[in-house]
Amino acid sequence: MRQVTVGATPGEHAAAGPPQGPAAPGDAGPPEKEAAPSDTGPSSVAAPELDCRAFYARMAGGVTVVTAQGPAGPAGSTVSAVTSLSADPPLLLICLGNASRTLAVVEASGRFAVNLLAESQRARAELFADPAVGAAERFAATGHRRELAVPVLADTLGWAVCLVEDVRRYGDHSLVVGRIAAAHTAVGRPLLWHDRAFASLGGAPVAAPALDGAPVVATRPVRESS
């Protein structure tokens, strides 16, 4: 059974960039007095003046699209706050904004997929991050298929279909833990998000093979409802 735990009250926050991830409080305004010097260098600031968004922006992360299937159709959002949580059992953790339609569909359906984007798929990341583009248009422009009743995107570096284990709200975002039920990986190089911009690893790029016909590795038996 999924558990939802409500944490701190959401406030007015500004996101660090297009992919969904942990947001941070906005600028609190000018300090009342000058901060004391610090050994960490001229860019350091005292805690009351700290703008967490600047710190979050320095954290590089892979870019993914989280997808889910609801009664009204599929939903999906670009997300950079994704991490492995456990190998035994196989668990993934994603972070979604509380106001996200994708989060609502994930909670209602009890399952979701994490799709890893390749460095050549920036346009796909921008498409699923654009608030002016609806879910139907996003999926109409993107090749996809269903695995375990969840849409997975074509030609990605990999995907994992997860069953929701837990949802906990913290501030303006929610942590969603999913148990991997099926997964697939391909060869390629990831699209990254760093310093409020898309980036890639150095060196020569490697093309990701097509997803169609790829094997599915089941890590946990899943019984589909009729």
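Here, each number is a calculation from the coordinates, and none is a lab measurement. These numbers were taken from a predicted model, which means no experiment stands behind them. Cβ coordinates were reconstructed from backbone atoms using ideal geometry, including for glycine residues, and neighbour counts include every protein chain displayed.
Numbers below:
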| read-out | value |
| --- | --- |
| Positive minus negative residues near Gly73 (Lys, Arg vs Asp, Glu; Cβ under 14 Å) | +2 |
| All Cα pairs of segment 43-194, percent lying beyond 25 Å | 27 percent |
| For Ala186, residues with placed amide H under 5 Å, excluding near neighbours | Gly158 |
| Net charge over other residues, Cβ less than 9 angstrom from the Cβ of Val177 (K, R count +1; D, E count -1) | 0 |
| For Ala57, net neighbour charge (Lys/Arg +1, Asp/Glu -1) across residues whose Cβ lies under 9 Å away | +2 |
| Sequence of Cys52, Cys95, Cys162 once ranked by neighbouring C-beta atoms within 10 Å, starting from the fewest | Cys52, Cys95, Cys162 |
| Amide H within-cut-off set for Gly171, under 5 Å, with H built and near neighbours excluded | Gly7, Ala8 |
| Cα shape, segment 95-163, gyration tensor, a/c 1.5 rule | oblate |
| Per-residue HN-Hα couplings for segment 95-110 [Karplus 6.51, -1.76, 1.60; θ = phi - 60°; Hz; x = Gly/Pro] | 10, 10, x, 4, 8, 5, 5, 4, 4, 4, 6, 4, 5, 6, 8, x |
